[in-house]
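Beneath this line is the structure, given in structure tokens, with notes to follow.
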Amino acid sequence: MEKKQYERPIIKSLNQGLMNKFGSRTEYTPMTHIDGCAVKDLLEEYGSPLFVMSERKIRDNYRNTKRIFETRYPKVQFAWSYKTNYLNAVCNVFHQEGSWGEVVSRFEYEKALNNGVPGNKILFNGPDKTDDDLRAAIKNDSPIHIDHLDELYRLTEIATELNVNPRVAIRVNMDTGIYPMWDRFGFNYENGQAWDAVNKIMANGKLKLVGLHCHIGTFMLAPNAYGIAATKMADLAKSIKNRYNKMVSYIDMGGGFASKNTLKGSYGLGADSVPEISQYAEAICSALLNAGFDNDELPYLYLETGRALIDDAGFLLGSVISNKRLSDGRRATILDFGVNIMFTSFWYDHKISPAQEFGQHTEDSVLYGPLCMNIDVIRENVTLPPLKAGDQVVVHTVGAYNITQSMQFIALRPAVVMIDMKGEPHVIKTKEVLETLEKGEVLPDYLSKFSL
């Protein structure tokens, strides 16, 4: 008979009928398997820490979101946001489901092309497009979303030089009642900048205005803000129709839908307080349908949803290094992954589950990473059972931005595994080694020798 782990007694005061601000015991239910694969087996085979993506969850998320929008609006097209998670395996799952590509840089653009996305189905966003970037987009007939006047003028010159009429849209920013406004990008609606850009495009005759684009913010918790934005985008489209007798072919509402993560400082769990996709869809689709477009001129609705489609499909598995008591008596647990690969721990209180069964005792703890810096904090306060060195944990909802924003600081980046629809794991990014870090370095000859 296996000997049970010793757990020291813990005395805790109880306030009958009162809920503490950290919620109930939902956070430390053990998670021993992901899509049928044992966590301990995954860590044993691929090393700790380890990112794990669920292909089944990705496809389910996409199909559900697509269904929700298409039942509310007749013309919908998704474009996968590469910056959210640009691993080729992840991108191609979305492309297999019918999603186009949305990029904000040249290397993302080339990744999309290399993945087989036709150029005319890659939306090129971002404020930092070089002349070479613009030429590449023109060559591949990609819709170019213009961010500022300097880009508009350069693009006009290139179009004149090449004697082509590239397809373009303008990015529009506006007041949706959410502050601070995202008015750094694009042309403002209220002060006339957007209308001025439209008139410049229509007057020069060198660019083909095919769409309008906006992205009102990130992790947006107010669906009604999208309704306001869609109404203003529709009004701009109708103004173009009235003055120039031209109807834009699409209105791109960008992304920004929140995932079910819990923001730091929130009193409620994200699973309970974050709006459902249907609420965003209702606000956007109703605004467009009620805008007064003729049915035969309804613009396509483009969506660049990223976080809400991928976040809960990603997990980070790791192991406990050690425990200690801080000077104020709090329990501190040190894990083998830090903020270098889990950047979102700066603004989310990620759900963290033990990967093995445990007893009844729990304790408020601080979870630290292994980096030699005091800000390497995974959770500032979390209620967990006492974890010992060698125990394993699962961090939930890490599929968005952590892989793309991870960095090689003190610790190299781990492998990424995707579990397919049949429950089989596949390596989609190998674990980094020293050669990975040093690739691209050039050591001048005069620095190659020294004597100590």
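Bear in mind that the values in this text are calculations on the coordinates, not laboratory data. Keep in mind that this is a model prediction, so the values were computed, not measured. In this analysis, Cβ positions are derived from the backbone assuming ideal geometry, glycine residues included, and neighbour counts consider all displayed protein chains.
Key figures for this structure:
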read-out: Sites ASN92 and THR32, calculated FRET efficiency, Cβ-Cβ separation with R0 35 Å, nearest 0.05; value: 0.75
read-out: Chymotrypsin sites (Phe, Trp or Tyr not before Pro) within the stretch 384-452, DSSP loop, no more than 16 other Cβ atoms inside 10 Å; value: PHE450
read-out: FRET efficiency, ARG331 to MET421 (Cβ-Cβ, R0 45 Å, nearest 0.05); value: 0.65
read-out: Burial ordering of HIS145, HIS426, fewest other beta-carbon atoms within 10 Å first; value: HIS426, HIS145
read-out: Whole-Hz ³J(HN,Hα) from phi, Karplus 6.51 cos²θ - 1.76 cosθ + 1.60, for the stretch 175-184, glycine and proline x; value: 8, 10, x, 10, 10, x, 5, 8, 9, 6
read-out: Where Rh is the Kirkwood radius over Cα pairs, Rg/Rh for the stretch 126-303; value: 1.01
read-out: Taking the chain and dividing mean pair separation by its residue count, relative contact order in percent (alpha carbons under 8 Å, at least six apart); value: 20
read-out: Computed label-point distance, nm, for sites ASN64 and TYR267 using a 7 Å Cα→Cβ extension; value: 2.8
read-out: Chymotrypsin sites (Phe, Trp or Tyr not before Pro) restricted to the stretch 234-281 and DSSP loop, no more than 12 other C-beta within 10 Å; value: TYR267
read-out: Net length gained if the chain between SER278 and ASN374 were fully extended (0.36 nm per residue, minus Cα distance); value: 30.5 nm
read-out: Gained length - ASN290 relative to ASN224, 0.36 nm times residue gap less alpha-carbon distance; value: 22.3 nm
read-out: Taking the stretch 126-303 and dividing mean pair separation by its residue count, relative contact order in percent (alpha carbons under 8 Å, at least six apart); value: 19
read-out: The stretch 339-415 - Rg and Dmax from Cα coordinates, angstrom; value: 13.0, 38
read-out: Spin-label zone in the stretch 217-251 - amide nitrogen under 14 Å from a point set 7 Å from the Cα of ARG184 along the C-beta vector; value: 217-218
read-out: Extension reserve of the TRP347-ASP132 stretch, reckoned as 0.36 nm per residue once the Cα distance is removed; value: 73.8 nm
